[in-house]
Amino acid sequence: MLKCIKSVWLLSLLSLGYQPVMAHQKASLLEQDSLKVLAALTYRNNQIGNSGEVWQPSGFLIGGEAVPSDEGASLDDIQLQGYININQDYYVAAKVSGHNHNGENNLELENIWFGTELQFVNQTFEFEAGKIATAVTDTLNYHSSMDTFSQAPLSADILFGRHFTDIGARIALVNLNEQLNLTYKLGVELFNGDNFPATSGEGSVSVFSHFTFQHNAFQSQAKFWLMYSEAEQRDDVRYSEGHSHGISLDNVIDSYFTGNTLNAGVYLDGTWSYEQWRFHTEFEWIQAQVDGQVFTTTQSAYVDSVQNAYRLAAFVERKKHSIHLAYELLSVENQFSQTTETFVDQVGLSNYGFEPNRVSIGWHYAFHPGFVLRTEWMRDESNVLDEVNSIVSLGIQWQYDLL
């Protein structure tokens with residue numbers, strides 16, 4: 001199915017006969033050259049789960065880089081971001097990122113892509129291609145140096161392997177209704193399938209619509225999206241030789257998944273500024289419908305799963321200080337056929353009504369230009385039924401513009 005979608009989508013792009021937008025036409029969406037470095041360092045007095053144990057919330061298949069942070073001090077995230085504007089015609093951007101976990105260091109070219117603006121039938125389109133992050137929602141592009149909390153949202157970890165990066169292309173219609181003070185973006189993305197829940201070559205395709213409304217000191221966003229992914233013999237690559245995150249490979253069960261996942265999401269927020277105060281609230285719902293087969297070398301199970309993730313967040317900010325709150329809850333309904341209860345339990349899909357949840361409270365203090373002191377308290381119940389972890393952390397976020 002995705003191969004047919006790829007062919008039709010690529011043919012439609014070729015048929016546009018597009019013309020790059022020059023500077024005098026609409027250059028506001030093209031930024032200036034930049035080079036910046038970001039980092040996040042955090043100390044935690046506890047961790048989610050026990051050392052040496054696989055983190056897999058009961059009832060969910062996990063993948064990507066969804067591994068909770070360790071107790072003690074760690075370099076959560078470091079990034080080098082670069083952007084070059086080529087004659088107001090197109091741009092090239094790249095991001096090198098890395099992190100430290102359980103004594104293991106990881107550094108990679110996370111993103112590299114080019115983009116431009118196109119004019120077609122008097123409409124403006126944005127086109128980007130390369131190794132890109134999805135645009136459907138910011139939640140799926142978590143980085144500790146840029147985000148509110150030092151732990152990734154449960155929805156990002158469990159449903160998408162923490163952050164979504166893949167080889168692909170995106171085209172989006174961008175427009176502004178000045179009478180309604182409304183900006184909207186309608187887009188489609190096509191990916192190779194290198195990011196969980198897909199597998200390489202099988203692909204993912206997504207469609208999204210974003211709306212931004214602004215009136216005086218009030219701004220609101222609404223995002224709606226769908227993503228379809230296919231997987232063939234997908235395994236859990238979080239724990240492997242040379243990148244085990246401190247987990248003994250003897251504790252890892254080699255299981256695989258073949259099937260498809262349909263995701264849907266809604267994001268709503270509102271921000272109001274008053275003098276030196278700023279107030280913000282947001283709500284997000286993400287659903288995953290999983291249909292396929294889970295198997296090992298000796299046994300298998302057909303699974304039909306519906307997973308729902310809910311997230312509520314808010315903050316209040318005054319001058320250099322801000323207080324942040326978040327509540328997250330996940331639920332799952334699994335149905336199995338042609339299998340045994342023993343096998344379902346063995347691959348971690350027995351749920352027993354367990355709903356992973358988390359409460360997070362944070363205080364941020366921008367004590368110096370480019371530096372933010374981040375303190376947090378987190379109550380996490382995501383790993384095992386009746387296991388609750390309370391974590392207090394203290395950290396620094398840093399950003400510096402080299403260019």
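Cβ separations smaller than 6 Å between residues 6+ apart or across chains give the following pairs from segment 297-319 residues that are farther than 30 Å from ALA231 by Cα to residues that are hydroxyl-bearing (Ser, Thr, Tyr): LEU312/TYR327; ALA314/THR281; PHE315/SER322. Checking each residue in segment 325-354 for being of a type in the set (Asp, Glu), within 24 Å of TYR302 (Cβ to Cβ) and modelled with pLDDT of 95 or more picks out only GLU333. When ARG374, ARG358 are checked against the criterion of being within 30 Å of LEU35 (Cβ to Cβ), surrounded by 19 or more Cβ atoms within 10 Å (Cβ to Cβ) and among the basic types (Lys, Arg), ARG374 stands alone in meeting it.
For segment 28-81, the tally of residues that are free of Cβ contacts under 8 Å to residues at least 60 places away in the same chain and not acidic (Asp, Glu) stands at 9.
Before we move on, is ASN85 touching a residue at least 40 places away in the same chain (Cβ under 8 Å), surrounded by fewer than 17 Cβ atoms within 10 Å (Cβ to Cβ) and closer than 27 Å to LEU402 by Cα? Can you show your working first?
Values: touching a residue at least 40 places away in the same chain (Cβ under 8 Å): yes; surrounded by fewer than 17 Cβ atoms within 10 Å (Cβ to Cβ): no; closer than 27 Å to LEU402 by Cα: yes.
Judged against the criteria, ASN85 is not a match.
Collect the residues in segment 317-343 that are assigned to a strand (DSSP E or B), exposed (fewer than 14 other Cβ atoms within 10 Å of the Cβ) and of a type in the set (Val, Ile, Thr), keeping them in residue-number order. Hit for segment 317-343 is ILE323, nothing else. Here THR258 passes the criteria (1) surrounded by 15 or more Cβ atoms within 10 Å (Cβ to Cβ); (2) β-branched (Val, Ile, Thr); (3) at pLDDT below 95 except the one numbered (3).
So how many residues does segment 285-316 have that are buried (at least 19 other Cβ atoms within 10 Å of the Cβ) and closer than 20 Å to SER350 by Cα? Selection size over segment 285-316: 9. Taken together, the residues in segment 112-123 that are at pLDDT below 95 and among the β-branched types (Val, Ile, Thr) amount to 2. Under the condition of being surrounded by 21 or more Cβ atoms within 10 Å (Cβ to Cβ), at pLDDT 85 or above and under 18 Å from TRP55 (Cβ atoms), the residues counted in segment 222-255 number 3.
Selection within segment 36-70: residues that are under 18 Å from ILE253 (Cα atoms) and of a type in the set (A, V, I, L, M). The member of this set that is farthest from the chain's Cα centre (by Cα) is VAL54.
Against the test of being at pLDDT 90 or above and either assigned to a loop (DSSP other than H, G, I, E, B) or surrounded by 14 or more Cβ atoms within 10 Å (Cβ to Cβ) (or both), the options LEU29, LEU41, LEU109 yield a single qualifying residue, LEU41. When the strands (runs of 3 or more DSSP E) confined to segment 165-220 are screened for residues that are within 30 Å of VAL237 (Cα to Cα) and either hydrophobic (A, V, I, L, M, F, W, C) or in contact with a helix residue (DSSP H, G or I) (Cβ under 8 Å, 6 or more places away or on another chain) (or both), those reaching at least 3 such residues are found at 182-191, 204-215. Of the candidates GLY52, GLY103, the single residue that is at pLDDT below 90, small (Gly, Ala, Ser) and out of contact with any Ser or Thr (no Cβ under 9 Å at 6 or more places or on another chain) is GLY103.
The values are calculated or read from the model by the stated rules, or taken from the named source; none is laboratory data. Note that the coordinates shown come from a computational prediction; the quantities given were computed from them, not determined experimentally. Note that we place each Cβ from the backbone using ideal geometry, even for glycine, and neighbour counts take in every protein chain shown.
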